[in-house]
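Undergrad: Just passing along the structure, written as structure tokens.
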Amino acid sequence: MFESKIDCPVAIADELGSSKQEGEALAAAWALDRAKQGDRLTMWVPLKSTINNNRILSYLESQSIVSVTTGRGGNSLRASGPVLAFYVHREDLSRFNNVQGMTALSVVTSMHTLNVWGEELGAEVLFRKQNSEFPSSVAPISDAAREELERVTSRNNTNNHLSSRYEKKVTVEALMRLRDQGALPEPGAAIEWAAAHGWRNDNPKILGEWVEKIADGRTLRH
């Protein structure tokens, strides 16, 4: 097995279009409640400019115990206590796998509810307010898809690039079997499941792209 799943408490606030920042406040409070003496709170944002014109983020940035890190640049995330991540897209999720020093993870979503990821990790849902402009949650992973993806995870080194010859062969063959069974997961669900099970770097995103192509009837060479 090559899994590096998150093994600390996880919470999710699904803001999804709310302008009142209830979810952001609850996510921040949850993370701060889990900070012990000597800890630092790591605040992750997609871009440094994300903090501008946001009262909660600006306040947190000004606190001496808070360290700010951004998603852009692909730097490895390190922590010394809880991590509070704002506006996380499902393709960002793999960044939070195998983070040394992370004792808790509080996530404010962006565009998607991350329901598959949250369920796989047993996340606590702090807030859920959906807006019709945003996509609904993806369908759960079926038993057949779970079995195949677990087999792929056990055979592949998911730290390696998924397009590597062996990893691609194992993965594509599994997806083709699911297609033949009519059990392919939604691309978004595949991304979230893979991220929840420790797939690193861009591998969950690549998996989602392959699922979409196979669902469209395209043949992937492997």
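Undergrad: Among the residues of the range 144-166 satisfying the criterion of being assigned to a helix (DSSP H, G or I) and more than 21 Å from the chain's Cα centre (by Cα), which is modelled with the highest pLDDT?
TA: First, the residues of the range 144-166 that are assigned to a helix (DSSP H, G or I): 144-155, 165-166.
Imposing the further condition that a residue be more than 21 Å from the chain's Cα centre (by Cα) reduces the set to 144, 155, 165-166.
Numbers: Ala144: 97, Arg155: 91, Arg165: 88, Tyr166: 91.
Checking each candidate, the answer is Ala144.
Undergrad: Against the condition free of Cβ contacts under 8 Å to residues at least 12 places away in the same chain, more than 18 Å from Glu24 (Cα to Cα) and surrounded by fewer than 20 Cβ atoms within 10 Å (Cβ to Cβ), how does Ser154 come out, does it pass? Give the steps one after another, and end with the answer.
TA: Details: free of Cβ contacts under 8 Å to residues at least 12 places away in the same chain: no; more than 18 Å from Glu24 (Cα to Cα): yes; surrounded by fewer than 20 Cβ atoms within 10 Å (Cβ to Cβ): yes.
Judged against the criteria, Ser154 is not a match.
Undergrad: In addition: Answer yes if at least one residue in the range 176-191 is outside the structural domain of Thr109 (by TED's automatic domain parsing), modelled with pLDDT under 95, assigned to a loop (DSSP other than H, G, I, E, B) and surrounded by 15 or more Cβ atoms within 10 Å (Cβ to Cβ), and no otherwise.
TA: no
Undergrad: Any residue that is polar (S, T, N, Q) and within 20 Å of Lys5 (Cα to Cα) - is there at least one of those in the range 178-189?
TA: Residues of the range 178-189 that are polar (S, T, N, Q), as a first pass: 181.
When the remaining residues are screened for being within 20 Å of Lys5 (Cα to Cα), the result is none.
Taking every residue of the range 178-189 in turn, none turns out to be polar (S, T, N, Q) and within 20 Å of Lys5 (Cα to Cα).
Undergrad: Here are the criteria: (1) part of a strand (DSSP E or B); (2) modelled with pLDDT under 95; (3) among the aliphatic types (A, V, I, L, M). Tell me which single one Val83 does not satisfy.
TA: So Val83 meets the others, but not (2).
Undergrad: Let me ask another. Report the residue count in the range 93-126 for those that are modelled with pLDDT under 90, more than 18 Å from Gly188 (Cα to Cα) and buried (at least 20 other Cβ atoms within 10 Å of the Cβ). Explain how you work it out, then say what you get.
TA: Taking the range 93-126 and keeping what is modelled with pLDDT under 90, we get 98, 110-113.
Cutting the leftovers down to more than 18 Å from Gly188 (Cα to Cα) gives us 98.
Pick out the ones that are also buried (at least 20 other Cβ atoms within 10 Å of the Cβ) and you get none.
Final tally of qualifying residues: 0.
Undergrad: Same structure, new question: Collect the residues in the range 192-222 that are surrounded by fewer than 19 Cβ atoms within 10 Å (Cβ to Cβ), part of a helix (DSSP H, G or I) and aliphatic (A, V, I, L, M), keeping them in residue-number order.
TA: Going through the range 192-222, the residues surrounded by fewer than 19 Cβ atoms within 10 Å (Cβ to Cβ) turn out to be 201-202, 209, 212-222.
When the remaining residues are screened for being part of a helix (DSSP H, G or I), the result is 209, 212-215.
Of everything in the range 192-222, those that are surrounded by fewer than 19 Cβ atoms within 10 Å (Cβ to Cβ), part of a helix (DSSP H, G or I) and aliphatic (A, V, I, L, M) turn out to be Ile214, Ala215.
Undergrad: Kindly evaluate Val66 against the criterion of being at pLDDT 95 or above, β-branched (Val, Ile, Thr), under 19 Å from Asp33 (Cβ atoms) and touching a helix residue (DSSP H, G or I) at 6+ places or on another chain (Cβ under 6 Å).
TA: On the way: at pLDDT 95 or above: yes; β-branched (Val, Ile, Thr): yes; under 19 Å from Asp33 (Cβ atoms): yes; touching a helix residue (DSSP H, G or I) at 6+ places or on another chain (Cβ under 6 Å): yes.
So Val66 fits the description; yes.
Undergrad: Let me ask something else about it. Is the range 34-57 home to any residue that is in a loop (DSSP other than H, G, I, E, B), hydrophobic (A, V, I, L, M, F, W, C) and touching a Leu at 6+ places or on another chain (Cβ under 6 Å)?
TA: First, pick out the residues of the range 34-57 that are in a loop (DSSP other than H, G, I, E, B): 34-40, 46-47, 52-54.
Okay, now just the ones that are also hydrophobic (A, V, I, L, M, F, W, C), so 35, 47.
If we keep only those that are touching a Leu at 6+ places or on another chain (Cβ under 6 Å) as well, we get 35.
Scanning the range 34-57 turns up at least one residue that is in a loop (DSSP other than H, G, I, E, B), hydrophobic (A, V, I, L, M, F, W, C) and touching a Leu at 6+ places or on another chain (Cβ under 6 Å).
The values are calculated or read from the model by the stated rules, or taken from the named source; none is laboratory data. What you see is a predicted model; the values in this text were computed from it and never measured. Cβ coordinates were reconstructed from backbone atoms using ideal geometry, including for glycine residues, and neighbour counts include every protein chain displayed.
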